[in-house]
Each structure stands twice: as structure tokens, then as C-alpha cells.
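J.: Below is a structure I'd like to ask you about.
The values are calculated or read from the model by the stated rules, or taken from the named source; none is laboratory data. Bear in mind the structure is a predicted one, so any value in this text is a computation, not a measurement. Note: ideal-geometry Cβ built from the backbone for every residue, glycine included; neighbour counts use all protein chains shown.
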């Protein structure tokens with residue numbers, strides 16, 4: 001099963017990260033620096049690599065369908081994310097963080113490399129279509145939801161969206177639609193830098209898992225239920241609904257990768273900044289969804305008939 005094989009590769013890379021952390025090659029101090037390289041250099045490069053690759057191209061109608069699927073996915077995910085913390089009876093000051101952990105997955109560190117590994121560079125243009133509304137929502141809806149209440153001093157700024165990942169998304173769409181052919185040395189450089197995303201990101205995840213007190217997580221029934229619903233139930237249900245309207249299995253696989261990856265690591269950083277009461281819940285949720293993803297991602301792909 002290709003998805004299982006890819007997740008086992010990721011698991012090995014995480015184990016390497018754990019080893020590096022144990023030997024002090026990765027530390028709390030240099031984790032932030034390596035994360036900055038992944039987020040600002042490697043991740044944008046792998047997004048661009050899908051646009052500069054040669055091969056079969058997606059026609060305009062298919063791109064419109066991809067945009068519709070991305071919007072539909074986000075709407076359905078936000079509905080599920082709103083209901084889940086209420087169903088699990090989380091206190092109001094923690095509902096925002098549970099909400100955000102459902103919608104905003106680790107799509108950059110795990111989803112993009114996974115689609116690249118499973119389906120090749122040609123599939124990354126679908127993922128790029130997802131990343132634009134995903135990032136737009138992240139820098140507006142996510143932060144406000146984590147805060148839990150309206151801050152009159154916090155104003156939305158377009159400048160906050162001008163990060164390297166978002167710029168790479170827009171550039172890749174322009175390059176792809178205009179069919180711009182870049183010189184070989186540039187495209188090769190982009191591919192080589194982008195190829196570092198998966199190993200670096202997975203090693204960082206392994207290092208992150210070394211900081212977790214697992215005894216506290218495995219005795220938290222709510223976080224276990226959250227993980228089961230977020231990692232299995234919600235992805236399968238949403239992809240099933242989308243499958244009634246979308247008949248492109250590659251696009252549905254991208255939808256599944258966007259939904260079934262673990263909760264994003266950066267959410268814990270935002271919780272530490274904007275809602276310290278919810279920070280412990282965010283750490284538990286991110287850690288457990290990351291740990292079980294090796295098993296749950298192949299499972300949900302199989303249940304959705306996308307293996």
C-alpha cells in the first residue's frame with residue numbers, strides 16, 4: 001500500500017530526529033532555526049516545484065473544480081471543528097484551540113511532501129490550490145478563534161499574508177497558468193531545495209515528540225477521543241461528501257492529505273501567545289495526532305478507497 005509505505009518512510013525520518021535530539025545534534029535552540037529554513041525556504045521551494053515540472057497539465061475546468069473542492073473542504077471542516085469541542089464538552093476557553101487543531105493540519109510539513117512522494121510533482125498544483133485559502137484563513141480565522149474573543153486592537157493586515165509560502169503559492173499559479181518555462185539550472189535548484197522539506201520536517205517532528213510527557217496524554221480521555229474523530233471520522237466523512245460531487249481520485253487524495261495530517265505544530269506557538277490556558281491542550285493534541293498519523297493516514301485512505 002503506497003500510503004503505508006510513505007508513512008513508514010516518514011516514521012523512519014522521525015526516528016532519526018529523535019536520535020539526533022538524544023545526541024544533542026538537534027536541540028531546543030537550533031530547532032527554531034531549522035524550522036525557519038523549512039518554512040521559509042524548503043517549503044516554498046516544494047510548492048514551486050509542482051509548477052515548474054514538465055508533464056501532463058491540468059486544464060482550466062479542472063482547476064476550477066479544485067478551487068471548489070478546496071472551499072468545500074474548508075467549509076465542511078470548519079463546521080465539524082465548531083461542533084467537536086461542544087460534543088466533547090471542552091470548556092469555552094479551550095474550544096477555540098480544538099476548533100483550530102481540526103481545520104489547520106500539518107499540511108506543509110507532512111501533506112505536501114506526502115503528495116509529492118505518492119503522486120509526483122504534477123499533483124502538487126492541486127495542493128497549491130488548497131494552500132492559498134488555507135493560508136488566508138490561518139492568518140485571520142485561526143488566530144481570532146484561538147483568542148476566543150474580539151480584540152479591538154487587533155486589525156487584519158494584508159502584510160501578515162505576505163510570507164514566503166503564500167508568495168510561492170501565487171507565483172506557482174502564475175507560472176503554471178502562463179506556462180512559463182524557466183532555465184534548467186533554476187528548476188533543478190528548486191527541486192533540490194524542495195526535496196529537503198520532508199526529511200527536515202520529519203526530523204523536527206521527531207525532536208518535538210521527545211519533549212512530550214506521554215503519561216499525561218494517554219490518560220486524557222478527551223484528547224484521545226478528539227484524536228480518533230479528527231484523524232479518522234472527519235477526514236472519511238468529508239471526503240465521502242466531496243466524492244459525491246468530485247470524481248477525480250487524485251484531487252480527492254489531495255483533499256484527504258489536507259484533512260488527515262496531524263494538527264499543525266505552529267498552533268501550539270499561537271496558543272502560547274494568545275491563549276495560555278489552552279496551551280497544554282494544544283501540545284497534547286499535536287503530539288498525539290502526530291504519533292498516530294503513521295497508522296491513521298493509511299487507514300483513512302483505505303476506508304475512502306484511495307489507496
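Table: residues versus (1) part of a helix (DSSP H, G or I); (2) touching a strand residue (DSSP E or B) at 6+ places or on another chain (Cβ under 6 Å); (3) surrounded by fewer than 16 Cβ atoms within 10 Å (Cβ to Cβ).
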position: 5; (1), (2), (3): yes, no, yes
position: 18; (1), (2), (3): yes, no, no
position: 25; (1), (2), (3): no, no, yes
position: 29; (1), (2), (3): yes, no, yes
position: 39; (1), (2), (3): yes, no, no
position: 61; (1), (2), (3): yes, no, yes
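J.: Next question, about the same structure. Let me spell it out: the conditions are (1) over 19 Å from residue 116 (Cβ atoms); (2) under 16 Å from the mean Cα position of the chain (by Cα); (3) surrounded by fewer than 19 Cβ atoms within 10 Å (Cβ to Cβ), and residue 237 meets all of them except one. Which number is the exception?
T.: Result: residue 237 passes all but (2).
J.: Shifting gears a bit: Out of curiosity, is residue 246 in contact (Cβ under 8 Å) with a residue 60 or more places away in the chain and assigned to a loop (DSSP other than H, G, I, E, B)? Working first, answer last.
T.: On the way: in contact (Cβ under 8 Å) with a residue 60 or more places away in the chain: yes; assigned to a loop (DSSP other than H, G, I, E, B): yes.
The answer is yes for residue 246.
J.: Which is modelled with pLDDT under 90 and either closer than 20 Å to residue 196 by Cα or in a helix (DSSP H, G or I) (or both), of 33, 94?
T.: Values: 94 fails: modelled with pLDDT under 90.
The unique qualifying residue is 33.
J.: Any idea which residue in region 97-124 is nearest to residue 201 (Cα to Cα), counting only those that are in a loop (DSSP other than H, G, I, E, B) and under 15 Å from the mean Cα position of the chain (by Cα)? Reasoning before the result, please.
T.: The first filter runs over region 97-124 and keeps only residues in a loop (DSSP other than H, G, I, E, B), leaving 104, 106, 120.
Now drop any that are not under 15 Å from the mean Cα position of the chain (by Cα), which leaves 104, 106.
Details: 104: 17, 106: 10 Å.
Filtering first and then ranking leaves 106.
J.: Can you list the helices (runs of 4 or more DSSP H) lying wholly within region 125-232 that have 3 or more residues being at pLDDT below 85 and within 16 Å of the chain's Cα centre (by Cα)?
T.: Numbers: elements: 143-147, 164-177, 184-194, 197-209, 214-218, 221-228.
Ranges flagged: 164-177, 197-209.
J.: So in region 273-307, with the set limited to residues that are within 14 Å of residue 237 (Cα to Cα), in contact with a helix residue (DSSP H, G or I) (Cβ under 6 Å, 6 or more places away or on another chain) and assigned to a loop (DSSP other than H, G, I, E, B), which one is modelled with the highest pLDDT?
T.: That would be 304.
J.: When residues of region 215-231 are filtered for being under 15 Å from residue 290 (Cβ atoms) and in contact (Cβ under 8 Å) with a residue 40 or more places away in the chain, how many remain? Let's see the steps before the verdict.
T.: Initial filter on region 215-231 (under 15 Å from residue 290 (Cβ atoms)): 217-218, 223-224, 226-228, 230-231.
Imposing the further condition that a residue be in contact (Cβ under 8 Å) with a residue 40 or more places away in the chain reduces the set to 217, 223-224, 226-227, 230-231.
Residues meeting the conditions: 7.
J.: I'd like the full set of residues that are out of contact with any strand residue (DSSP E or B) (no Cβ under 7 Å at 6 or more places or on another chain) and touching a residue at least 40 places away in the same chain (Cβ under 8 Å), limited to region 280-294.
T.: Applying the first criterion (out of contact with any strand residue (DSSP E or B) (no Cβ under 7 Å at 6 or more places or on another chain)) to region 280-294 yields 280-284, 287-288, 290-294.
281, 282, 283, 284, 287, 288, 290, 291, 292, 293, 294, listed by residue number.
J.: Within region 183-201, work out how many residues are surrounded by fewer than 23 Cβ atoms within 10 Å (Cβ to Cβ) and under 21 Å from residue 262 (Cα atoms).
T.: 4
J.: Of the residues that sit in region 259-272 and are outside any helix (DSSP H, G or I) and modelled with pLDDT under 90, which one is surrounded by the most Cβ atoms within 10 Å (Cβ to Cβ)?
T.: Residue satisfying both the conditions and the ranking: 264.
J.: If residue 296 meets every condition in (1) over 16 Å from the mean Cα position of the chain (by Cα); (2) crowded, with 21+ Cβ neighbours inside 10 Å apart from one, which number is that one?
T.: Tallying (1) over 16 Å from the mean Cα position of the chain (by Cα); (2) crowded, with 21+ Cβ neighbours inside 10 Å, residue 296 fails exactly one: (1).
J.: Please find, among 103, 129, 52, 75, the residue that is touching a helix residue (DSSP H, G or I) at 6+ places or on another chain (Cβ under 7 Å) and either free of Cβ contacts under 8 Å to residues at least 60 places away in the same chain or surrounded by fewer than 14 Cβ atoms within 10 Å (Cβ to Cβ) (or both). Before you say what the answer is, go through the steps one by one.
T.: Values: 129 fails: either free of Cβ contacts under 8 Å to residues at least 60 places away in the same chain or surrounded by fewer than 14 Cβ atoms within 10 Å (Cβ to Cβ) (or both); 52 fails: either free of Cβ contacts under 8 Å to residues at least 60 places away in the same chain or surrounded by fewer than 14 Cβ atoms within 10 Å (Cβ to Cβ) (or both); 75 fails: touching a helix residue (DSSP H, G or I) at 6+ places or on another chain (Cβ under 7 Å).
After ruling out the rest, the residue left standing is 103.
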